[in-house]
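Asks: For reference, the structure I am asking about is given below.
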């Protein structure tokens with residue numbers, strides 16, 4: 001069993017979330033209550049090579065905002081647990097993903113200094129029951145709670161589904177590269193991350 005695991009239970013008046021993440025693989029099972037978000041988180045788990053289990057009951061009678069943001073928070077916290085002291089990791093990852101007419105790019109640093117740069121425009125405002133603007137909210141919450149410096153750019157694209165899916169897959173592949181154990185010590189002039 002992998003030691004690079006994190007588990008978060010987060011219950012508020014808006015959401016009730018249980019997330020487990022294994023950086024070294026495992027089952028991917030997602031139930032967020034929003035079909036399109038399930039599809040994106042499944043792609044994230046599969047393309048990252050992660051074991052990922054997400055269960056969320058959110059106030060979808062309001063809208064999907066709290067669900068998307070709070071899953072981002074909990075997933076970020078689970079990632080921070082799983083990555084631990086960051087010893088030996090490659091630290092950096094960058095990846096391009098084409099999805100039909102769309103092309104997305106992600107570059108990231110598992111630095112302990114959370115930051116998000118998000119540059120994407122969506123032609124359609126919704127994908128199923130998912131408001132496209134929640135993509136940025138999800139990744140902001142993930143970055144701030146994981147301690148990852150995260151840069152995401154949609155290079156171009158017309159179909160919002162393709163753009164968002166390319167983004168999720170690009171982030172997953174960049175994280176996969178950055179989480180890889182490649183060193184004896186810590187890749188930092190400071191000696192710690």
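The values are calculated or read from the model by the stated rules, or taken from the named source; none is laboratory data. Fair warning: this is a prediction, and the values are worked out from it, not measured in the lab. All Cβ positions, glycine included, derive from the backbone under ideal geometry; neighbour counts span all protein chains shown.
Asks: Only one residue in 147, 157, 128 is over 19 Å from the mean Cα position of the chain (by Cα), within 28 Å of residue 34 (Cα to Cα), surrounded by 15 or more Cβ atoms within 10 Å (Cβ to Cβ) and modelled with pLDDT of 95 or more. Which one? Don't jump to the end; show me each part of the working.
Replies: Details: 147 fails: over 19 Å from the mean Cα position of the chain (by Cα); 128 fails: surrounded by 15 or more Cβ atoms within 10 Å (Cβ to Cβ).
Every option except 157 fails the conditions.
Asks: So is residue 164 crowded, with 21+ Cβ neighbours inside 10 Å and farther than 18 Å from residue 78 by Cβ or not? Give the steps one after another, and end with the answer.
Replies: Details: crowded, with 21+ Cβ neighbours inside 10 Å: yes; farther than 18 Å from residue 78 by Cβ: yes.
Considered against the rule, which asks whether it is crowded, with 21+ Cβ neighbours inside 10 Å and farther than 18 Å from residue 78 by Cβ, residue 164 comes out as yes.
Asks: Continuing with the same structure: From the list 93, 72, exactly one residue is under 14 Å from the mean Cα position of the chain (by Cα) and assigned to a strand (DSSP E or B). Which is it?
Replies: Numbers: 72 fails: assigned to a strand (DSSP E or B).
None of the others qualify; the one that does is 93.
Asks: With (1) farther than 29 Å from residue 96 by Cβ; (2) surrounded by 22 or more Cβ atoms within 10 Å (Cβ to Cβ) as the list, and residue 79 as the residue in question, which single condition is left unmet?
Replies: (1)
Asks: Which of the residues belonging to region 82-104 are touching a strand residue (DSSP E or B) at 6+ places or on another chain (Cβ under 7 Å) and surrounded by fewer than 19 Cβ atoms within 10 Å (Cβ to Cβ)?
Replies: 88, 92, 94, 96, 103
Asks: How many of the residues in region 99-138 are touching a helix residue (DSSP H, G or I) at 6+ places or on another chain (Cβ under 7 Å) and farther than 22 Å from residue 85 by Cα? Lay out the reasoning, then the answer.
Replies: Taking region 99-138 first, the residues touching a helix residue (DSSP H, G or I) at 6+ places or on another chain (Cβ under 7 Å) are 99-108, 110, 114-116, 118, 120, 122-124, 127-130, 132, 134-135, 137-138.
Keeping just the survivors that are farther than 22 Å from residue 85 by Cα gives 99-106, 118, 120, 122-124, 127-130, 132, 134-135, 137-138.
Looking only at that region, the number is 22.
Asks: A further question on this structure: If you check every pair at least six apart or on different chains, which have Cβ atoms under 7 Å apart with a residue in region 85-104 that is free of Cβ contacts under 8 Å to residues at least 40 places away in the same chain and on the phi < 0 side of the Ramachandran plot first and a residue that is surrounded by 15 or more Cβ atoms within 10 Å (Cβ to Cβ) and outside any strand (DSSP E or B) second?
Replies: none
Asks: Still on this model: Go through region 51-76 residue by residue and tally those that are surrounded by fewer than 24 Cβ atoms within 10 Å (Cβ to Cβ), in contact (Cβ under 8 Å) with a residue 60 or more places away in the chain and farther than 18 Å from residue 130 by Cβ.
Replies: Residues in region 51-76 being surrounded by fewer than 24 Cβ atoms within 10 Å (Cβ to Cβ), in contact (Cβ under 8 Å) with a residue 60 or more places away in the chain and farther than 18 Å from residue 130 by Cβ: 0 in total.
Asks: Okay, next question. Could you tell me how many of the residues in region 124-141 are in contact (Cβ under 8 Å) with a residue 24 or more places away in the chain and assigned to a helix (DSSP H, G or I)?
Replies: Looking only at that region, the number is 7.
Asks: Mind checking which residues of region 142-165 are farther than 12 Å from residue 119 by Cβ and in a strand (DSSP E or B)?
Replies: 149
Asks: Also, quick follow-up: Out of 34, 30, 9, 17, I need the residue that is more than 18 Å from residue 137 (Cα to Cα), crowded, with 16+ Cβ neighbours inside 10 Å and more than 12 Å from the chain's Cα centre (by Cα). Which one? Before the answer, list the steps.
Replies: Details: 34 fails: more than 18 Å from residue 137 (Cα to Cα); 9 fails: crowded, with 16+ Cβ neighbours inside 10 Å; 17 fails: more than 18 Å from residue 137 (Cα to Cα).
Step by step, each of 34, 30, 9, 17 is checked, and only 30 is more than 18 Å from residue 137 (Cα to Cα), crowded, with 16+ Cβ neighbours inside 10 Å and more than 12 Å from the chain's Cα centre (by Cα).
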